[in-house]
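Here's the structure, in C-alpha cells; my notes come after.
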Amino acid sequence: MIHKARKVQLQSMGLPNDVETIKRARIFAMRSGLTISELAEMANLNPNSLRVFLSGSYDKHQGAESNTLPIRAALKQAIDLHEVKHHARRDDKHYSTAEFEEVRASMLDALDDGSAVLVDGAPGIGKSWALENVTEEINRTRRGRAVYVYCTIGLSPQSFLVEVCTEAGIPNRGNKTQLLRKLQYFFEEEHPLLVIDEAQNLPFETLETLRKLIDLRGYGIVLAASYDLVVKLREYKLQMWSSRINRTHLLTGPTKAEAARMLTGELGPMHEDDIASTIADATVSGVRDGSTYKYISLRNLAWWIRDARKVLNFSSDRKQQTVGVA
C-alpha cells in the first residue's frame, strides 16, 4: 500500500495507464537492448515486480487492491530521462543548406506517396545528419512514422529485418517471412518511411529483401549511401530497383557561401581571409563514377568550429582572470 499523500501526488501526474506503460517499456527495452533486470535497476524497481507488471498480471499476484502508480511513475521517469539523452545530439544548431532542403522535400514526398529516394554522398558531407534530422521532424510532428536504420557491412536479410523491427518498436523474433509480415501488419494503419543509411553495405540478397518492403502497401524508402550506390544499382541483377527510385540526390556538400554563414553564425564576425583559409582546410576529395571532385566536409568544418570555440573560451577566461587580478 502506498501513502495517501503519495498516491494523490502520483495521480496528479497524469501517468499513462498500465497497457500504455507496458507497451512503452517493452519497446524501450527492445530498442536499447536492456534486460528486464537492467531496466528494473535503472528505474529502481524490484526485478520480479517489474516482470509481473510487464506480463499484465500484477493485480492477480498482488491482490485486487494493488496499485501500479509507483511502477508506472518509476518507468516513465527512467525512460523519459534516457530517451532525452539519446536524442540530445539532434538538438544541435541547424544551418540549412540548399541540398538539405532538397533532401528533406524528397523524404516528405516519399513519406506521402510511398516512393523510393536515393541519396548518394561522400563521408562527412552531412548525409546522416540530414536523414536523422528529418526523421526526428516527421516523428515529432506526427506527420507520419519514420524509422532510421544504420546498416553495417554484410548485414544479412534476417539481421536487417531484425534491425528494422527493433528500430520500429515491433517484436523482432521470427524468420524472414514472419518479420516481413510483422512489418506489414503493425505498420498497416501507420504512414511509414524507412530511412536506410549506409545502404552500400547491404549485399544483394538484403537489397532484394528491402525491395519487397517497397512493394508493401504505403511504404516510403530512403536509400542513403557513400561510394556510389548509384553505380551498384546499375548491375544487371539489381536493375529491378531502377523503376522504383523516384528521385536521386548526388550530394556535393555546402557551397562556400553556406560554409561561411555557418562559421560566422557560430563564431561571430571573421576576416574574409580567415573564412577562405578555414573553408580550404575543410575541403577534401571524393570519387564518383571514377572521377575525383572536391567538396567541403561538414564534419571537418564542425571540428574546426569546436577547436576555435575552445581557443576563444580559453582567451576569454584568461582576460577575465587578468581583470580580476588587477
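None of the figures in this text is laboratory data; all of them are computed from the coordinates on show. Note that the structure is predicted; figures quoted are calculated from it, not measured. Because the Cβ atoms are built from the backbone with ideal geometry, glycine has one as well, and the counts that use them run over all protein chains shown.
List the trypsin sites (Lys or Arg not before Pro) in the range 91-143 that DSSP assigns to loop (not H, G, I, E or B) and whose Cβ has at most 16 other Cβ atoms within 10 Å. Which are they?
Values: sites: LYS93, ARG104, LYS127, ARG140, ARG142, ARG143; in loops: LYS93, ARG142, ARG143.
Those satisfying the criteria are LYS93, ARG142, ARG143.
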- Message: Per 0.36 nm of contour for each residue apart, how much would the distance between GLN239 and GLN178 grow if the chain were fully extended, relative to their Cα-Cα spacing?
- Response: 19.3 nm
- For the cross-link pairs LYS176/LYS212; LYS127/LYS212; LYS23/LYS76; LYS256/LYS294; LYS76/LYS176, which exceed 23 Å when the distance is taken from alpha carbon to alpha carbon? LYS127/LYS212; LYS76/LYS176
- Only Lys, Arg, Asp and Glu count, each charged at its Cβ (+1, +1, -1, -1), so figure out the dipole size of the range 131-260 about its Cα centre, rounded to 20 debye. 360
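Under 8 Å for C-alpha pairs, at least 6 residues apart: give me the relative contact order for the range 268-315, rounded to a whole percent. Can you show the working numbers first?
Details: 28 pairs, mean separation 13.4, N = 48.
Dividing the mean separation by the residue count of the range 268-315 yields 28 percent.
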- Query: Which whole-number percent is the relative contact order of the range 163-227 (Cα, under 8 Å, 6+ apart)?
  - Reply: 34
- Task: Place +1 on the Cβ of every Lys and Arg and -1 on the Cβ of every Asp and Glu in the range 154-287, take the dipole about the Cα centre, and give the residue among ALA224, GLY268, VAL284 whose Cα lies farthest towards its positive end.
- Result: ALA224
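What net charge is computed for the residues neighbouring LEU50, neighbours being all others with C-beta under 14 Å from the C-beta of LEU50, Lys and Arg scored +1, Asp and Glu -1? Intermediate values should be presented prior to the final figure.
On the way: positive: ARG24, ARG26, ARG51, ARG72, LYS76; negative: ASP18, GLU38, GLU41.
So the surrounding residues net to +2.
Given the peptides 44-50, 278-284, 72-78, arrange them by the average over their residues of other C-beta atoms within 10 Å, most packed first.
In decreasing order of mean packing, 44-50, 278-284, 72-78 become 72-78, 278-284, 44-50.
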- Query: So for the range 96-250, taking the charge dipole from beta-carbon charges (+1 Lys/Arg, -1 Asp/Glu), which of ASN175, MET107, SER242 sits furthest toward the positive end?
  - Reply: ASN175
